[in-house]
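A quick write-up on the structure given underneath.
The values are calculated or read from the model by the stated rules, or taken from the named source; none is laboratory data. Fair warning: this is a prediction, and the values are worked out from it, not measured in the lab. Backbone-built Cβ (ideal geometry, glycine too); neighbour counts: all protein chains shown.
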Amino acid sequence: MARIPFIDTENCEACGTCESLCPGVFKLNEELGYAEVIDPLGGDEDCIQEAIESCPTGCIRWVET
Ligand code: SF4
């Protein structure tokens, strides 16, 4: 059992915080106007957790796989 981050993109306000905290996992897609998970295993859990806690709209969460 593993867990990976998921972004509820409808509520993303494209602030870029997640990408700056954890650039191997999150990337802001400026054309689309929201951040995407580019590689769910591209960073350690601590940096993903920090991004989850720092997201101003709370739109990142863990999902179990
Ligand atoms: S921190 Fe949250 S609101 Fe900001 S770009 Fe990432 S997902 Fe979007």
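Worth pointing out:
- E19 being surrounded by 15 or more Cβ atoms within 10 Å (Cβ to Cβ), of a type in the set (D, E) and without any contact (Cβ under 8 Å) to a residue 24 or more places away in the chain: yes
- Candidates E13, E36, E50, filtered to the one that is among the charged types (D, E, K, R) and touching a helix residue (DSSP H, G or I) at 6+ places or on another chain (Cβ under 6 Å): E50
- Residue count, region 6-15 (criterion: surrounded by 14 or more Cβ atoms within 10 Å (Cβ to Cβ) and of a type outside the set (A, V, I, L, M, F, W, C)): 1
- When every residue of region 1-19 is checked against the conditions, at least one turns out to be more than 11 Å from the ligand (Cβ to nearest atom) and assigned to a loop (DSSP other than H, G, I, E, B).
- So P5, is it over 9 Å from the mean Cα position of the chain (by Cα) and at pLDDT 95 or above: no
- Matching residues, region 1-34, being among the basic types (K, R) and closer than 17 Å to T65 by Cβ: R3
- When residues of region 27-65 are limited to those that are in a strand (DSSP E or B) and in contact (Cβ under 8 Å) with a residue 60 or more places away in the chain, the one surrounded by the fewest Cβ atoms within 10 Å (Cβ to Cβ): E64
- Within region 52-65, the set of residues being more than 6 Å from the ligand (Cβ to nearest atom) and closer than 18 Å to A14 by Cα comprises I52, E53, S54, G58, R61.
- Residue check for G24: out of contact with any strand residue (DSSP E or B) (no Cβ under 9 Å at 6 or more places or on another chain) and surrounded by 14 or more Cβ atoms within 10 Å (Cβ to Cβ): yes
- Within region 20-33, being more than 10 Å from the ligand (Cβ to nearest atom) and under 20 Å from C47 (Cβ atoms) holds for P23, G24, V25.
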